Structures are given as structure tokens and as C-alpha cells.
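Chemist: Structure in C-alpha cells, see below.
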There are 4 protein chains.
Amino acid sequence: MGRKATFLLFVMLGFGIGLSAQEVEPKDPEATEVYEPVPPKVVPGSNGAPPSDAIVLFDGSSLDAWISSADSTAAKWHLNQDGSMTVKDKTGNIETKQAFGSIQLHIEWRSPAEVQMSGQNRANSGVFLQGLYEVQVLDNNDNNTYVNGQVGSIYKQSVPLAMASVPSGEWNTYDVIYHAPKFSRGGNLKKPATITVIHNGVLIQDHFEVEGPSEYIGWPTYQPHGKRPLILQDHRDNSRVSYRNIWVRELD
Amino acid sequence: MGRKATFLLFVMLGFGIGLSAQEVEPKDPEATEVYEPVPPKVVPGSNGAPPSDAIVLFDGSSLDAWISSADSTAAKWHLNQDGSMTVKDKTGNIETKQAFGSIQLHIEWRSPAEVQMSGQNRANSGVFLQGLYEVQVLDNNDNNTYVNGQVGSIYKQSVPLAMASVPSGEWNTYDVIYHAPKFSRGGNLKKPATITVIHNGVLIQDHFEVEGPSEYIGWPTYQPHGKRPLILQDHRDNSRVSYRNIWVRELD
Amino acid sequence: MGRKATFLLFVMLGFGIGLSAQEVEPKDPEATEVYEPVPPKVVPGSNGAPPSDAIVLFDGSSLDAWISSADSTAAKWHLNQDGSMTVKDKTGNIETKQAFGSIQLHIEWRSPAEVQMSGQNRANSGVFLQGLYEVQVLDNNDNNTYVNGQVGSIYKQSVPLAMASVPSGEWNTYDVIYHAPKFSRGGNLKKPATITVIHNGVLIQDHFEVEGPSEYIGWPTYQPHGKRPLILQDHRDNSRVSYRNIWVRELD
Amino acid sequence: MGRKATFLLFVMLGFGIGLSAQEVEPKDPEATEVYEPVPPKVVPGSNGAPPSDAIVLFDGSSLDAWISSADSTAAKWHLNQDGSMTVKDKTGNIETKQAFGSIQLHIEWRSPAEVQMSGQNRANSGVFLQGLYEVQVLDNNDNNTYVNGQVGSIYKQSVPLAMASVPSGEWNTYDVIYHAPKFSRGGNLKKPATITVIHNGVLIQDHFEVEGPSEYIGWPTYQPHGKRPLILQDHRDNSRVSYRNIWVRELD
């Protein structure tokens, strides 16, 4: 113990620890200032509106940024008068024309005020990051289901930290920080995807390390991939989920 | 190469890989459903307002959650009529009475519309997570400084990904996800602190691994600690920075 | 800086850092003594001879622990009078009947004193850990080749730290510490295999993280697997490499 | 599941996964050959004798490579006729004049055939890597003690995987692969020290991550350091432990 104290005293008195001759701790504040590269200026939006550098995927004017996943034709979902779109049942998933890697994503969604059915069959949709990793969209208001499949879950992988939905019929926001998985040149997983989700201002997924693509049955298995489109799900049960104000910012 | 294809075919055809007898991939969807623990319900706020489970540190009514860091007496900053507080120059830092570990933090700040001085001397304050790790608050509008000390930097450690301030005189928001560092029982760093910052809706710090306490001179060195208060900085240069709507949610 | 010194002094004087109430640093030496589990006693061999708990794979008496990789029939290599075995050209690889995970391996090998051919065609064989990850066996005495394929390399993945062969015709030893790769239940790589090799007493591979199975062409790709046999290579070029004194100890 | 199979087929058929345009898997074996740097040639010793590039710390001829730790004067231990040296009781630890970082170490030791005392008081010494991290040397033949302090333990940190001593009075070997800890420029632990020990040919410490300097009382705490000498311990109990054939090879 005496040795421990001596050691600390040694450090305190400033006798160098000699990590290497090149690395001497500077004594002036200027030595630890960095002047470049200068970060880009971004004009922020307010209340979820897109910042100046965002790629706007849906602003209510058209579905032009989207195609039908099944056949790559024009997206068939409903374009509404109020600046939103709604899943058109049994027309299938829609996906962005553009492919993405790591992104910051803002998306708003609403389940119908007049509820139908229960469990996973009530207003079920999903945001599939890179088309593979699902953040669950579901009306869980007075509607329980398995917790790793409830609203805000990473489907069948991560229970959300909280259930933070607004009442059915009101607009929810998801603010997502997503990092794409990394693979070795031979295709082995080097770094899993991570997902952070803020649901209506409440942190519900906290840098979760994704186990692999979302699977309804069985275990997730990564396959190597590059950039891929964002997918919104048609769960084929007349979910009537609507979306609006969708934008992304690309992260390295 | 033939071997590789054979291997994959082997997997495709579903011959078990036999990781262990206990782990057989399930064939039915129910096997991967989880029913507990059930996440708590949280009523979200809107536009940055505190969720139902937040610890409100400042809502404009009083400075009662804060003390003066220098002498633990009542916080001496200005309490304004508009629901904000303003640094009272040379009264020193203020800190929360309550100590925190990992948190989600929402805080809003404003630099004065009528600017004074330049560089680090213009409207400089800071949010010190656990009183040690600073997210810089500074008026950088038409006011350059070293980029690892500009608004939104982790001071002298991490340049922000973007400069996303609103004009001087308007309110900025910081939404922060902070994880406290972890130390071994003997006090060695086991896991660095991490900081994510969303500035006015724009991701500017992305799970940054903090090198140690913010230092004006020299290199950061962690010392083991438990929970500690949040500190707001009086930079002692008549910065006149104001704060409002401060709340935290405790994580793990 | 003053803060730094104060902090250290704080620690030195023994004011607890309060990581938690449960963890108070003990003041007596007995508190950090552990009495179980008691490690097994192992009677060591000398000069590479197998310890008492080793699984002896070849002691010169027979090839009974081995089969032909091609057809699982009896191993066809030469069993010599001097307690060694020699690759019988074009009879194919041989492998252990027993499958292994992580192991300590001792193996001795010799290339012929009278050399033939050059480069990769001179006395080439290989030790394939779990039948997939090759430690190269090659006569590199006055015989250069690509360095990631020379003696002691992890074939096409890791150049050895040194070339430590004895002269052609003398016996080399490889002492190997091998850890099997770990995979998620879904088959993703969680932890790569690691290989340490001591060649004739000289460390030549130092906890190398294997990129995947050894490939002659292209990039390595892991496929999930459990225990697998050890393979010795017939390189099909009349390599005449001999082996003796092969034993393993299973690790965790 | 259908998706999974399709994915694999996709890979099998060789449609590129497009990680990036620069990285196309090569089709010819030459593309994955590497020709430099060429590893140095090292002439190995036999049966523990030093390789050609070793720094010999003790070969029986003198104690010239060592000093007394207490006062930096000449080492006071016994130099024996048989090429060994023996702890001279109460003369204190000895240490190498040369300081080391990461090393491969070979060292041989012997406890007296005629035993005295018991537990930690019977023939106790120790090899302190970088003078701080102890591999225990102790006569544990029919002499039990706490297992994290028995022969081959990393003292009070890691129980050995096996007890592999030869009988009292015979020579033991330790073959050690040691990696020095790494610290940030500010002195935080970035990577713990690791220790692998092969005791008489038996792996007893397997890349153990050291928690900090060996402590008799309390918990280990790293302090940043550069290269430091190797220390052999005088346990001050007439341990009569002898050493011979000590050499190291420096690792990156």
C-alpha cells in the first residue's frame, strides 16, 4: 500500500512517466487546440422538421422517393391530403429508391384512432433499417403483446426501455441513430449494427447491438451487405398505419 | 472455393451445425417471443417537454434543485421572468443537488442576441456531465474558434459532426445520451464514458468515447468515481448564457 | 491541473471513492485469498514428452488415432521404425478420429535432409487446427517463398515473427495454443479463433486473431462449427514430411 | 427463412456483395501472396537454451545483468558452481539492469529437496514481470495454500489451470509470453497486461488479462509506466529458491 501512495505522489509531482520521448504533456492550453477540419454548418429544423443537409424521403407532396419492394414499380400506398401517407393493405412493403448505410432518421407515424383487432394484428407496421433490421411500429395502447415485439422493440431482439406511445390517432416520432454493421472482406461480421431510438422524446433503444436481420421464426444470421434501402412494412392485416415527415442524414 | 460453396449449401439445407445439443433453432414463432419484464409506461412530453418519469431540474419556477459549486450555498444565478435562468457572472458554477450516473438529458440554452467579444470569450458556458465531462456551450455564430472547443464539442476531445446552432438570441436544445464510465474495483478504467448529443435535432456527437475529464491544459486522466452532480459553467467572462427546461431520465 | 492533484490526494488519503457500499477495499490479506476450485495436478513430461493429462495422438506405435480425410478409412501414411510417420504422397490428408475445440498442441515435424524442388513445392505440409486453420509446415532453409506462406505462417493470413527452423533433416517442434472461434446461436462470428505458436522455443505467432479458414485463393470466410478433427496435410508433391510425438490437451 | 436461403445462394453464385468497388475478391492465388517484410532468421536453442536473438540475463557465469532492487548496488544472491543462483535470504529482491516492455521469457527455478516450513513460507519466490506483475514461484508439492497464491498463479489474481511442478529439488521451467499494459497519453488504462505461462510444458496461464500490480492486501490499481526491469523476489523466509538459464526476447 505504501507503494501505491508513492506511485501516486510520483505522478502528482510531475515526474514524467516516460511513455515515450515524443509524448510530453503540454503545459500551455494552445497545444491542445485543433483548428481543422471545420465541421459543416447545418441549419436546423424545428420540432422535427428536416435540417438543411437532410435527404427528405417524404414531405407529403409525393411518394416519388419510394418504390414497391415486391416489383420495384411505383409505391402503391395512399397519399393523403394532410401531408401523410398510409399503408395500402396487401400492396406490400415500400422502400426508398436510394440505398443507405449509417443514418440519422426522423420518421413520424400514427395508428388509427378507431382501433381494430388486437395484439400483433392491431395497426402493425415497421421501419426496416437497411431493409433488414426492424424497429417495430404497433399500436400497443391497451393492447399487450410479447414485449420483444411491442412498439419500439427491435423485433424479437430488444425489448424497449419504455412504452412511450401517444394515444391511438395521434402522431408519434421516432428519432433513430443507426450504424450499419461492418463485415470483413471475406464476409464475417466485424461489428454488429447498432440502433438508438428516441420515441416521442424518450430514449427506448440505447445503442443496441443488433444480433442480425429481424426474423419471425428462428435466430438472426447476418449476411454481408453494403448500402440498402429503408423499408416500411405492409403487415397485410389492414393496419392503416400512416407516416409523415421522413428524412435522413447520412453518417459516415 | 468448392469447399466454401459446399459449406453454405450445407447450412442452407438445414443440417444442424450442432453448436450444442441445448441450442436447436426453433421452428415456431412463439419460441422467440418474450413476455417479461414489461417495460414501464411513460407519458411523453411534446417539443422537449419532460416525459412523466423525468427528474425536472429546472422548469423556470426556482433554482431549488441547484447549489453553488464553490461553497454549496444556494445557486446565485439570475432567475428570469420568462422561465429561464442566466449565468450571473463571477458567481461560479452551479450544480445539481442530486448526483447522477448514466442519464438522458434535455437542456435548452440561449446566447444573447447582442453579441460581445469573440472566440471563447463570446457567450461561453458548458454542461459538465457528472461535473467532469463538458459539452461546450458557446456562441459560434460568425465567431470561429478552435473546432474542438466550438459549440457542441466535447471540450478539447471531440469536434462536433456539425455546427447546428440557431441564431444568437434564439433557444438551442441539447438532447444528450450519457453513459457514465466504469471502473474496476481497484479504480482502473474498464469502460470510458460515452456521449451522444443531438443539437437542435441534428446529431453532432455520436456515441463518443470520452478520454477523461475535460482539461483546459494537458491530457485527460480518469479518476474513479460514482454518481456525481451535473454542473453548469460560469465561464467568468460575462457570458450571459441562459438555460431553461432542464430534465433528466436516469439510465441503467 | 490543481483539480487533478487534488483528486489524487483524495485517493491517497484513502477517502473512499464509493463505487458502491458492497465493495469496500479489504484491509487484511486473507480477504483476497481464494481456496477453490483446486487446480488439477498434472505430471509434466520432459523435452516435449506428453504430460499426464494429454491425449496422445501419435507416439510412434500406430496410426490408430487417425483416418484418411477423403474416405474415413484407415490412415495410409508411412509408419516408420524410428517412432515417426511420413506423408505418403497422394494418399491425401489424414485427420484425428477425435474432434477438438480449443487445445494446447505439441507436434514435431521434419523435412528430408536431401532437398527436392523449391518454394512451396519443397517439403510442404500443414497442421490444420480444427481441420480449417493452417499452421504452415515447409522447408524454408535456403528456400524463399511468400512470407505469409512460409514455415510457421498462418497460411495467407499471418507472417511469422521469425524464421526459426532447424536444418533440413532435423526435428522441429511446434507448441501451439489454439482457441476455437465462437459463434452466435444464429451463426455469426462472435470471437475469432486465436493461434499462438512457439517454434523450437521461439515465439512466432502471438495470439493471432484468425480471419477465417485458410484459403489458397481469395478471402477467408468463417462458417459456424463445433468440435472438429485436427488435420495433417498431404500437399501432393512428394513432400516426404515426417511427424512424431503429437499430443493435445483440451482447453476450456 | 426463404429470404435466408436466397441470400446464401446469392453469395454462392458469386454475385458480388459490393462492399466497395476497390475490394473485389481475387480469383488467382498470387493475389494473396505477401513478400515482405521478411521475418528475421533466428537460430533456435534446444531444450530451453536461448535462441540466437535472446538477451541472456543469466547463464551461470555471473550476476552482472542484475542489481539489488533496494539500493541499486550489485546483486547479493549466491552464485553457485552448477550454473545457478540462489536467493540469499534478507538481501532483498534483485532486478535486471535492463528495462523491458513485452517479452518472451524463459526461466528455470528449483526449490530445495529438503523442505522447510509450509504454506507460503516454503520456498517462496516470484517472477515480477516489469517488476509489478507476479508469476508465483512456490514449492506446492504436498503443501497446499490458497489457490490464487499457489505455484504458477498470477498472485491473487489468477488461479493456474493446473499444478504442474516437478518434485522438490528438480528444475522447473516457466516459458512466459508477456504483453505490457497500454495506457492513454493521460495515463488511463487502454489495454491490460496479458500473461501466458507454460510450466514444464503445461499451459497454466492462458492469455490472462492482468487486473493490475500484484498486491498482498487489497485491490490492484494500474499506474501508467513505460519499460521496467524484471524482478526476482527474496520473500525473506529463507526460501532457498534457485534460478538458472534466464533469457528474454523482446516483443513489439
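Every number in this text was worked out from the coordinates using simple rules, so none of it is lab data. Since the structure is predicted, the reported quantities are computational estimates derived from the model, not experimental observations. Backbone-built Cβ (ideal geometry, glycine too); neighbour counts: all protein chains shown.
Chemist: Given an 8 Å cut-off on Cα distances and at least 6 residues of separation, report the relative contact order of chain D as a percent. Please report the intermediate quantities before stating the final value.
Modeler: Values: 549 pairs, mean separation 64.5, N = 252.
Result for chain D is 26 percent.
Chemist: Apply the Karplus parameterisation 6.51 cos²θ - 1.76 cosθ + 1.60, with θ equal to phi minus 60°, to every residue of the stretch A:57-74 and state each ³J(HN,Hα) to the nearest whole Hz, in sequence, with x for glycine and proline.
Modeler: Once θ is set to phi - 60°, the couplings for the stretch A:57-74 become 9, 7, 10, x, 7, 6, 9, 4, 7, 10, 10, 6, 4, 5, 9, 6, 7, 4 Hz.
Chemist: Also: What is the packing order of peptides B:157-163, D:134-140, A:69-75, taking the mean over residues of other C-beta atoms within 10 Å and listing the highest first? Walk me through the intermediate numbers first.
Modeler: Working: B:157-163: 23.3, D:134-140: 25.9, A:69-75: 13.3.
In decreasing order of mean packing, B:157-163, D:134-140, A:69-75 become D:134-140, B:157-163, A:69-75.
Chemist: In whole Hz and in residue order, list the ³J(HN,Hα) couplings for the stretch B:99-112 that follow from phi through the Karplus curve 6.51 cos²θ - 1.76 cosθ + 1.60, θ = phi - 60°; x for Gly and Pro.
Modeler: Rounded to whole hertz, the list is 9, 10, x, 6, 9, 9, 10, 10, 8, 10, 9, 9, 9, x.
Chemist: Determine the equivalent ellipsoid of chain A by diagonalising the alpha-carbon gyration tensor, then write out the semi-axes as square roots of 5 times the eigenvalues, largest first, rounded to whole Å.
Modeler: Numbers: eigenvalues 366, 96, 75 Å².
So the equivalent ellipsoid measures 43, 22, 19 Å along its semi-axes.
Chemist: Relative to a virtual label point 7 Å from the Cα of A:Ala31 in the Cα→beta-carbon direction, which members of the stretch B:106-148 show backbone nitrogen distances below 17 Å?
Modeler: none
Chemist: Springs between alpha-carbon pairs under 10 angstrom, Gaussian network model over chain B: which of B:Asp89, B:Asp64, B:Asp175 fluctuates most?
Modeler: Top of the fluctuation ranking is B:Asp64.
Chemist: Can you check what the net charge comes to around B:Ala74, using other residues whose Cβ is under 14 Å from the Cβ of B:Ala74 (Lys, Arg +1; Asp, Glu -1)? Please list the in-between numbers first.
Modeler: Values: positive: B:Lys76, B:Lys88, B:Lys97; negative: B:Asp64, B:Asp71, B:Glu95.
Taking every other residue near B:Ala74 into account, the sum is 0.
Chemist: How well do other chains shield peptide D:155-167, expressed as the mean number of their Cβ atoms within 10 Å of each residue Cβ?
Modeler: Details: counts 1, 4, 2, 1, 6, 3, 7, 9, 6, 9, 4, 3, 1.
Mean inter-chain Cβ contacts per residue within 10 Å come to 4.
Chemist: If you take every residue apart from C:Ser165 with its C-beta less than 11 Å away from the C-beta of C:Ser165, what net charge results, scoring Lys and Arg +1 and Asp and Glu -1? Write out the running numbers ahead of the final one.
Modeler: Details: positive: C:Arg110, D:Lys41; negative: C:Asp139, C:Asp142, C:Glu170.
Here the count lands on -1.
Chemist: While we're on this one: Quick one: which residues, 5 or more positions from B:Phe58 or on another chain, have an amide H under 5 Å from its amide H? H modelled 1.01 Å from N in the peptide plane, none for Pro or chain starts.
Modeler: B:Ile246
Chemist: Another one. Tell me, what ³J(HN,Hα) does each residue in the stretch A:87-92 have, in order and in whole Hz, if you take phi through Karplus 6.51 cos²θ - 1.76 cosθ + 1.60 with θ = phi - 60° and put x for Gly and Pro?
Modeler: 3, 9, 4, 6, 9, x
Chemist: Using only the alpha-carbon atoms, how far is helix B:2-12 inclined from the longest principal axis of chain B? Give it as 0 to 90 degrees, nearest 10.
Modeler: 80 degrees
Chemist: Near C:Ser184, within a Cβ-to-Cβ distance under 12 Å, what is the net charge of the other residues, with Lys and Arg +1 and Asp and Glu -1?
Modeler: Charge balance in the 12 Å sphere: 0.
Chemist: Average partner chain C-beta neighbours within 10 Å, per residue of B:194-202?
Modeler: Values: counts 1, 0, 6, 0, 6, 3, 6, 15, 11.
Mean partner shielding for this stretch: 5.
Chemist: Across the stretch A:56-250, how many lysine pairs, 8 or more apart or on two chains, come within less than 30 Å at their alpha-carbon atoms?
Modeler: For the stretch A:56-250, qualifying lysine pairs total 24.
Chemist: Per residue of D:139-147, how many C-beta atoms from partner chains lie within 10 Å of its own C-beta, taken as a mean? List each step's numbers first, then the result.
Modeler: Working: counts 0, 2, 1, 0, 0, 2, 2, 7, 7.
Mean inter-chain Cβ contacts per residue within 10 Å come to 2.
Chemist: Give me the distance between the Cα centres of the stretch A:50-102 and the stretch B:128-205, rounded to whole Å.
Modeler: Cα centroid to Cα centroid, the span is 34 Å.
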